[in-house]
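Taken together, the values in this text are just the output of simple stated rules run on the coordinates, not laboratory data. Because the structure is a prediction, the values reported are computed rather than measured. Because the Cβ atoms are built from the backbone with ideal geometry, glycine has one as well, and the counts that use them run over all protein chains shown.
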Amino acid sequence: MVKMWRAARTVIFDKEGKTAVIEVKGGAFYKVPGGWIAPGEGMREAALRKAREEAGCKIEILSKLGDYEFVGPDKRRYRSVFYLARKVKEDKDLNFDDWARSNKFKLMWVGYDEALQLFKKARSKDVYESDINRRDLTFLKKGWDKYIGAKK
């Protein structure tokens, strides 16, 4: 049986409507904050932790956006749960792990249209990286639609 790798990811908006986007490898691809769930940690707990670590803020989870599963090139199964959240408090204490630092993670808070442009200009030829970019763009769009709908 192949082990399932689980992750929690969050589309975060601030009060100005800007969203947290992470540039990876100098723009090879983009992602939203999130990552692996620690042993004994729940999905929501992981989403809260990864928002502090990768977006430098405390968040309030508004809703679940959905799940994404795939089998990677390594034949492992990967499952990400995506949440929609709003930023409630600036933390500024980014805590990228070694993998994130080695891949040159760079946090940006940008408007929705700018975020779309960043994701669309990703240039990675790596299948896994391209999938991350496409996956997170899909959930960014879902999050925006739900966020704007909630504000109307």
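Please state the Cα pair-distance histogram of the stretch 32-137 with 10 angstrom bins from zero: what percent is in each bin?
Going from the shortest bin to the longest, the percentages are 12, 42, 40, 6.
Would you mind getting me the FRET efficiency between residue 45 and residue 125? Use the beta-carbon distance for r and R0 = 41 Å, nearest 0.05.
For residue 45 and residue 125, the calculated efficiency is 0.70.
Quick one: length gained pulling residue 89 to residue 145 fully straight, 0.36 nm per residue minus the C-alpha distance?
Extra length from residue 89 to residue 145 when fully extended: 17.9 nm.
Cross-link partners among lysines for residue 15, C-alpha distance below 17 Å, same-chain residues fewer than 8 apart left out?
The reachable lysines, counting only those whose Cα sits under 17 Å from residue 15, are 58, 87, 89, 92, 146, 151, 152.
Out of all DSSP beta bridges in the stretch 4-151, what portion is antiparallel? Express it as a percent rounded to 5.
Restricted to the stretch 4-151, the bridges split so that about 70 percent are antiparallel.
Within 10 Å of each candidate Cβ there may be at most 11 other Cβ atoms; applying that plus a DSSP loop requirement, which GluC sites (Glu not before Pro) in the stretch 7-74 survive?
16
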